[in-house]
Amino acid sequence: MSKKREIKDSYFHKFEGIAPEGFLLVPEELFDLLKDFDNWKEFKHNLEWVYDNSKKIVLKKSYI
């Protein structure tokens, strides 16, 4: 991951150190997204989907 991206998304990355090794903390709103079948299919075939959507949710909440 580039340093520019880490700085841009620093609010999101500060939570990375909290999860135990091998785990990823996700916002509760992510589970609501997975109720949609199209999102579920994308999640099953692309695990980066979890990371990207979690980041969007956290960053959106940080500006509210």
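Please treat every number below as a calculation from the coordinates, not as lab data. For clarity, every value in this text was computed on a predicted model and none was experimentally measured. Glycine gets a Cβ as well: all are built from the backbone with ideal geometry, and neighbour counts include every protein chain shown.
Details
- One decimal place: the segment Leu47-Glu29 gains 4.8 nm when fully extended, by the rule 0.36 nm per residue minus the C-alpha distance.
- With neighbour counts taken as other beta-carbon atoms within 10 Å, the residues Ile18, Ile57 rank, fewest first, as Ile18, Ile57.
- Of all lysines in the structure, the ones whose alpha carbon falls short of 27 Å from that of Lys4, not counting any fewer than 8 places away in one chain, are Lys14, Lys55, Lys56, Lys60, Lys61.
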